[in-house]
Amino acid sequence: MAPRHNLVLCFDAFGTLIKPKQPIVKQYALVAEQCGLKNIDVSQLKASFAAAYKAESAAHPNYGKASDMGAERWWTNVITSTFLPLLPASQPLPPSLAPRLLHRFSSSEGYDLCEPELGPLLAAVKSGSAGSPKKTIITGVITNSDDRIPSILSSLGLELGSFRFGSRLRSQQTLEEEKQAPNDLDFNCMSYDVGFAKPSRAIFDAAAGMARSVLRAQTEGGEEQEQEDERVWTKVYVGDEVRNDLLAAAEAGWHSILVVGRGETVDGRGDGIPGDLAELEDCGGGDKRLEEVFPSGGKQEKEMTMMRAGSLKTVLEWFGRH
């Protein structure tokens, strides 16, 4: 019997799935003005934010997780340290400033989807497993971030699985219900939870383990669970940074795709990019099977396929056809 083929397709978050509606510092200045702080110089605000972020990261790594303070308090410290140096000594910080900024950057108020049709495109990719008894598709997020990513993506209209690194999968009954309305993204693997950030291999290995857990939960009690060793796995990661996404994924045993405008150079996106990256768009509409472009079974960087694509939409449409 031919082995069942499993595709694990994961994405970076910031710059790949989501983007700020306006530059972060401009949004900080806008909210500050709404809270009564007038005439904030944006260039000074930018410098103060950078200094506050750097200092808080050094004092409390991983968004405060390492200090058991939590991301909300961590960001409140950053916001406070950003604005206080810009105010007269006698002027207090508006009490609504930090809560409003925290809400804004945990939701669609501060972010947009990089691809407006992301939900339908992901659904089309996931539907490929429904039409093939020999194919399972699991999707997820692998990102350097705190724990805001699920709330941001949900507020932007995506259907998310609740599975985070370190948490337990929901009950089999809930998973059965999700089969009737599949998730756009099955799991969230965030550096905040894992304790390691890209380009570390550890976060990619954590995501691979999560994908296997999702698959086992979906097939609990079935014959396929007993034959897991016979499964053919293909792991593909999509991102917009050379070092943290394209190269780090390959080094961790994943195929990788760099989202960069067709014909656009990658100068400034990182060092070490191969000079002959193929375009995903050139890999024939239906001429080549998924396994021919992204072979399964590779474990070393030299065995991994690294490609570029002109847009996230191009990537999703390609996988929707394959």
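The values are calculated or read from the model by the stated rules, or taken from the named source; none is laboratory data. The structure displayed is predicted, hence computed values, not measured ones. Every residue, glycine among them, receives a Cβ derived from its backbone with ideal geometry; neighbour counts consider all protein chains shown.
Here are the numbers for the structure shown:
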{"read-out": "Residue within the range 219-236 that is hydrophobic (A, V, I, L, M, F, W, C) and modelled with pLDDT of 85 or more present", "value": "yes"}
{"read-out": "The range 310-321: number of residues that are touching a strand residue (DSSP E or B) at 6+ places or on another chain (Cβ under 8 Å), touching a residue at least 60 places away in the same chain (Cβ under 8 Å) and farther than 19 Å from HIS5 by Cβ", "value": "2"}
{"read-out": "Tally, over the range 249-276, of residues that are at pLDDT 60 or above, part of a loop (DSSP other than H, G, I, E, B) and either of a type in the set (Gly, Ala, Ser) or in contact with a helix residue (DSSP H, G or I) (Cβ under 8 Å, 6 or more places away or on another chain) (or both)", "value": "5"}
{"read-out": "Qualifying positions in the range 81-98 - exposed (fewer than 15 other Cβ atoms within 10 Å of the Cβ) and part of a helix (DSSP H, G or I)", "value": "LEU84, PRO85"}
{"read-out": "Qualifying residue in the range 28-47 (condition: within 20 Å of ASP147 (Cβ to Cβ) and hydroxyl-bearing (Ser, Thr, Tyr))", "value": "no"}
{"read-out": "Breaking point among (1) at pLDDT 95 or above; (2) closer than 28 Å to ASP205 by Cβ; (3) not assigned by TED's automatic domain parsing to the domain that holds GLU317, for ASP68", "value": "(1)"}
{"read-out": "Inter-residue pairs, beta-carbon under 8 Å, first closer than 16 Å to ILE79 by Cα and in contact (Cβ under 8 Å) with a residue 60 or more places away in the chain and in the range 16-43, second hydroxyl-bearing (Ser, Thr, Tyr) and not in a loop (DSSP other than H, G, I, E, B), 6+ apart", "value": "TYR28/THR82"}
{"read-out": "LEU121, sole failed condition from (1) at pLDDT below 95; (2) assigned by TED's automatic domain parsing to the domain that holds ASP240; (3) aliphatic (A, V, I, L, M)", "value": "(1)"}
{"read-out": "Test: residue in the range 103-110 that is more than 30 Å from VAL315 (Cα to Cα) and not assigned by TED's automatic domain parsing to the domain that holds ALA13", "value": "yes"}
{"read-out": "Of all residues making up the range 60-72, the number that are surrounded by 16 or more Cβ atoms within 10 Å (Cβ to Cβ) and either among the polar types (S, T, N, Q) or in a helix (DSSP H, G or I) (or both)", "value": "6"}
{"read-out": "Some residue of the range 93-105 being closer than 22 Å to THR16 by Cα and touching a residue at least 40 places away in the same chain (Cβ under 8 Å)", "value": "yes"}
{"read-out": "Tally, over the range 5-16, of residues that are part of a loop (DSSP other than H, G, I, E, B) and touching an Asp or Glu at 6+ places or on another chain (Cβ under 8 Å)", "value": "3"}
{"read-out": "Every residue from the range 28-45 that is within 17 Å of LEU97 (Cβ to Cβ) and assigned to a helix (DSSP H, G or I)", "value": "TYR28, ALA29, LEU30, VAL31, ALA32, GLU33, GLN34, VAL42, GLN44, LEU45"}
{"read-out": "Residues located in the range 117-127, provided they are acidic (Asp, Glu) and either in contact with a strand residue (DSSP E or B) (Cβ under 6 Å, 6 or more places away or on another chain) or buried (at least 19 other Cβ atoms within 10 Å of the Cβ) (or both)", "value": "none"}
{"read-out": "Matching residues, the range 67-87, being touching a residue at least 24 places away in the same chain (Cβ under 8 Å), under 19 Å from GLY195 (Cβ atoms) and of a type in the set (Gly, Ala, Ser)", "value": "ALA71"}
{"read-out": "Filtered residue count, the range 99-116, keeping only those that are loosely packed, with under 15 Cβ neighbours inside 10 Å and either modelled with pLDDT under 95 or assigned to a strand (DSSP E or B) (or both)", "value": "1"}
